[in-house]
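Encoded as structure tokens, the structure appears first; notes follow it.
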Amino acid sequence: MTLKRSKKLMIILAVILVILLVFFGVREFKTITAAMSSLNQMDFLSQLRKQTPTDAILLFFLLAGFSIVPGTPVSVVAILTGVVFGQVVGSLINAIGIIAGNLLAQRIFMYFHEKADVKKTPRIIKAIQKIKYPMIGIILGYMIPFIPTSVISLTVSDVKLSRKSIVIATVIGSLPMAIIYSCGGAALIESHYQLLVWIVAIIAVMLIAVYLVNRNYDDRDVTE
């Protein structure tokens, strides 16, 4: 039994991502060991962040690829980007990589005419699909933490909106988490615990919102 072309593509892409991740890890090993031998935090950060455009490009491709392949932890790479490049540059790399990955994932799913599995679709996605204004649903979907962006992209491929509207919604929805992950990584490595508390609080509020949407969706299903 042959795999669908889209699944073959995802497997090939996943293998490439693993190779890139290993390559990045080996490349950064000397930098990390040098940073760990520093006597103070400033020297540690200075050594750790002696990065080149090649490192930024590698992280860009990892972010984009992880945004496409289902089940891959784009959040881990996004946090790592904040650790390595800091808040501002890390947020920029995260935003470009994640947005590019989400837009490419949409095109791939549309090209292969992939459809979301209704039985396996998370309730939050079903709730988003029923929102009166699809653009708001797309924005909320990409903003919600810990939900694979590939699932949102697959859902978006079925939404009846103009390409321009989808791109705008994807950009707006992808930006908050790209910034939050980067700031979280930077705050963690720089010991900015107050900022880290604020980030955790923001994510907690988002998760509570997800819970409330899920509960309202369940209540509505019961009453219908």
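The values are calculated or read from the model by the stated rules, or taken from the named source; none is laboratory data. As the structure is a computational prediction, the values presented were derived from the model and not from experiment. When we count neighbours, we look across all protein chains shown, and the Cβ atoms used for this are built from the backbone with ideal geometry, even at glycine. Note: accessible area is taken over every heavy atom of the protein model, side chains too, but ligands, DNA and RNA are not part of it. Shrake-Rupley method; radii C 1.70, N 1.55, O 1.52, S 1.80 Å.
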Residue-wise HN-Hα coupling along region 166-178, computed from phi with Karplus coefficients 6.51, -1.76, 1.60 (Hz; x: Gly, Pro) = 5, 5, 4, 5, 5, 5, 4, x, 7, 4, x, 5, 4
Give me the percent of the accessible area of region 58-113 that comes from carbon and sulfur atoms, probe 1.4 Å, all protein chains in place.
-> 79 percent
Pop out the ³J(HN,Hα) list for region 59-65 in order, Karplus 6.51 cos²θ - 1.76 cosθ + 1.60 with θ = phi - 60°, rounded to Hz; leave Gly and Pro as x.
-> 5, 4, 5, 5, 4, 4, x
Label points 7 Å out from Cα along the Cβ direction at Y133 and T52: separation in nm?
-> 4.7 nm
In Hz, Karplus ³J(HN,Hα) per residue of region 192-203 (6.51, -1.76, 1.60; θ = phi - 60°; x = Gly, Pro) | 8, 5, 5, 5, 5, 5, 4, 5, 4, 5, 4, 5
